[in-house]
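Undergrad: My questions will all concern the structure given below.
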Amino acid sequence: MQKTVFQILVATILWSWGVMAHSASVAQETAGEAKISVQLYSVRQDLANDFNGTITTLSQWGIDGVEFAGDFGPYSNDPLGLKSFLNGVGLAVSGAHVSFNALKGDAFSKTVDFHTQLGTPYLIIPWDERAFSATQVSEVVSDLNHIAKQLQGSGIQVGFHNHSQELAPYNGSTFWDYIAKNTHEDVVLQLDVGWVIHAQKDPLKFITNYPSRIKTSHFKSELGSEPHTALSPLIGKDGVDWRAIADAGFSANQLSWIVVEQEVYPNGMSPMASLAVSVAGTKQMLTGR
């Protein structure tokens, strides 16, 4: 069968991962394994219908934490109550996605106070159209550096999350590279591996180029969506060597949290069922649990 350009690219990427797999796996023996979290946006409707019940079910999957995306259920004004609930089901907070507006002006103190009480380690900006604008990307860099300075001593770090748009060519590399190279080392780079592969880029390159910056990463299979409809969008069933990606993160002295996200629900599967398969695939890949 004639291979497509995408299949050739995947084969090439997997070969490059394999070359580094041995050295990376040796390094991760001392670095330790990352904890597993889930991005709650994956099951946002379930969360809206039954916040406590949904998170309780997630906790029974053997994960270590959750990443919030704006929905705090009945705890919107009660971070200590939310922390107590999470402690009760054995979950930590791996991070939260917040907008730039939530970290500017009068909103800054309110946001930081809430997440300080909740115990959130990373406040991640999930999307900003300026990040892939040649005339505005420098504004994103400036905003991130300013917020990082404001957060010093708080125990919280600001970060930025990529989509495929930030991986477009810019200034001799990519918008993502520009952001990474021009922000302070305290700014976390939350690499969404699914979007990197979707953009037909090599995630290994972005991991090794910025050691100690990728403390949290989204593991998400986007290969079942266009233009890659031949592969299942479920971790463990997508043909991607996720273990090699994790090992590269460990060897670069980073990757405290692997955040599983599910945005494609194949074959009529529900969001919860789809996410459960990807979590199981991640656990099997990572620890054999």
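The values are calculated or read from the model by the stated rules, or taken from the named source; none is laboratory data. All values reported here derive from a predicted model rather than from experimental measurement. Every residue, glycine as well, gets a Cβ built from its backbone with ideal geometry; the counts of neighbours run over all protein chains shown. When the accessible area is computed, the model is the full protein with side chains, heavy atoms only, and any ligands, DNA or RNA have been set aside. Shrake-Rupley method; radii C 1.70, N 1.55, O 1.52, S 1.80 Å.
Undergrad: Taking the condition of a type outside the set (Lys, Arg) and touching a residue at least 60 places away in the same chain (Cβ under 8 Å), does Thr54 pass? Please lay out each step first, then the result.
TA: Details: of a type outside the set (Lys, Arg): yes; touching a residue at least 60 places away in the same chain (Cβ under 8 Å): yes.
Judged against the criteria, Thr54 is a match.
Undergrad: Determine whether Gly236 is modelled with pLDDT under 90, open to solvent by 10 Å² or more (accessible area, probe 1.4 Å), assigned to a loop (DSSP other than H, G, I, E, B) and not polar (S, T, N, Q).
TA: no
Undergrad: Continuing with this model, one more query. Within region 100-130, restricting attention to residues that are among the hydroxyl-bearing types (Ser, Thr, Tyr) and either surrounded by 15 or more Cβ atoms within 10 Å (Cβ to Cβ) or in contact with a Lys or Arg (Cβ under 7 Å, 6 or more places away or on another chain) (or both), which residue is farthest from Ile258 (Cα to Cα)? Steps first, please.
TA: Residues of region 100-130 that are among the hydroxyl-bearing types (Ser, Thr, Tyr), as a first pass: 109, 111, 116, 120, 122.
In the following step, the residues that additionally are either surrounded by 15 or more Cβ atoms within 10 Å (Cβ to Cβ) or in contact with a Lys or Arg (Cβ under 7 Å, 6 or more places away or on another chain) (or both) were identified as 111, 120, 122.
Working: Thr111: 24, Thr120: 15, Tyr122: 13 Å.
Only one residue fits best here, namely Thr111.
Undergrad: So for region 64-71 (the condition being among the β-branched types (Val, Ile, Thr) and part of a helix (DSSP H, G or I)), does at least one residue qualify?
TA: Let us first name the residues in region 64-71 that are among the β-branched types (Val, Ile, Thr), namely 66.
After this cut, where a residue has to be part of a helix (DSSP H, G or I) as well, the list is none.
Within region 64-71, not a single residue is among the β-branched types (Val, Ile, Thr) and part of a helix (DSSP H, G or I).
Undergrad: With a cut-off of at least 3 residues that are surrounded by fewer than 21 Cβ atoms within 10 Å (Cβ to Cβ), name the helices (runs of 4 or more DSSP H) lying wholly within region 131-201. Break it down into steps so the answer makes sense when it comes.
TA: Numbers: elements: 137-151, 175-182, 193-198.
Output list reads 137-151, 175-182.
Undergrad: Within region 22-60, track down each residue that is at pLDDT 95 or above and open to solvent by 30 Å² or more (accessible area, probe 1.4 Å). Outline the logic, then answer.
TA: As a first pass, look at region 22-60 and keep what is at pLDDT 95 or above: 36-60.
Result: Tyr41, Arg44, Gln45, Asp46, Ala48, Asn49, Asp50, Asn52, Thr56, Thr57, Gln60.
Undergrad: Somewhere in region 66-80, is a residue open to solvent by 50 Å² or more (accessible area, probe 1.4 Å) and in contact with a Leu (Cβ under 7 Å, 6 or more places away or on another chain)? Full working, then the answer.
TA: Keep residues of region 66-80 that are open to solvent by 50 Å² or more (accessible area, probe 1.4 Å), which gives 70-71, 74, 76-78, 80.
Within this subset, residues satisfying the condition of being in contact with a Leu (Cβ under 7 Å, 6 or more places away or on another chain) are 71.
The answer is yes; a qualifying residue exists.
Undergrad: Hey, among the residues in region 249-289 that are free of Cβ contacts under 8 Å to residues at least 24 places away in the same chain and at positive phi, which one's most open to solvent (accessible area, probe 1.4 Å)?
TA: Restricting to residues being free of Cβ contacts under 8 Å to residues at least 24 places away in the same chain and at positive phi, the top hit is Asn267.
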